[in-house]
Amino acid sequence: MCLAIPGQIISISDDAEPLMRSGRVSFGGVVKTVNLAYVPEAQVGDYAIIHVGFALSIIDEDEAQETLDYFKQIQEV
């Protein structure tokens with residue numbers, strides 16, 4: 001089973017090579033560098049679904065928060 005997690009893009013490093021475009025993404029305070037090649041439309045402040053270091057799609061903030069709330073509920077159990 002694969003798990004993709006929403007995170008908020010907090011900065012973007014534009015590289016001359018589109019496949020090397022990356023950004024810093026916050027997962028509830030844990031910040032990781034993520035490849036943004038699959039989401040060229042991504043901007044700082046957007047939420048994206050991240051899987052193994054790649055942003056797969058942009059999602060709206062409400063959907064991201066709903067998913068993050070589910071993770072918090074699971075953690076409390």
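Springs join every pair of Cα atoms under 10 Å in this Gaussian network model of the chain, and among LEU19, LEU36, LEU56 the largest mean-square fluctuation is at LEU19.
Looking at the chain as a GNM with Cα springs under 10 Å, which of GLY29, GLY45, GLY53 has the largest mean-square fluctuation? In this elastic network of the chain, the residue with the biggest mean-square fluctuation among GLY29, GLY45, GLY53 is GLY29. The figure for ASP14 is an accessible area of roughly 120 square angstrom, using a 1.4 Å probe on the protein chains alone. Against the chain, whose longest principal axis is taken from its Cα atoms, helix 61-76 shows a tilt of about 50°. Over all other residues within a Cβ to Cβ distance under 14 Å of GLN43, the charged ones net out to -3, with Lys and Arg as +1 and Asp and Glu as -1.
Structural descriptor for the chain: relative contact order 27 percent, calculated from alpha carbon pairs under 8 angstrom and at least 6 residues apart.
To put it simply, the accessible area of the stretch 5-75 at a 1.4 Å probe is 53 percent carbon and sulfur. With the helix formula -39500 (n - 2.57) applied to DSSP H stretches of n ≥ 4, the chain reaches a computed 222 nm mean residue ellipticity of -7000 deg cm²/dmol.
Per residue, the chain exposes an accessible area of 68 Å² to a 1.4 Å probe, with every protein chain left in place. Expressed as a fraction of 2.2 N^0.38 Å, the value expected for a compact globular protein of N residues, the C-alpha radius of gyration of the stretch 5-75 is 1.06.
The values are calculated or read from the model by the stated rules, or taken from the named source; none is laboratory data. Computed from a prediction, not measured in an experiment: that's the story for all the values here. With ideal geometry, Cβ positions are generated from the backbone for all residues, glycine too; neighbour counts draw on all protein chains shown. Remember, those area values only see protein heavy atoms, side chains included, never the ligands or the DNA or RNA. Shrake-Rupley method; radii C 1.70, N 1.55, O 1.52, S 1.80 Å.
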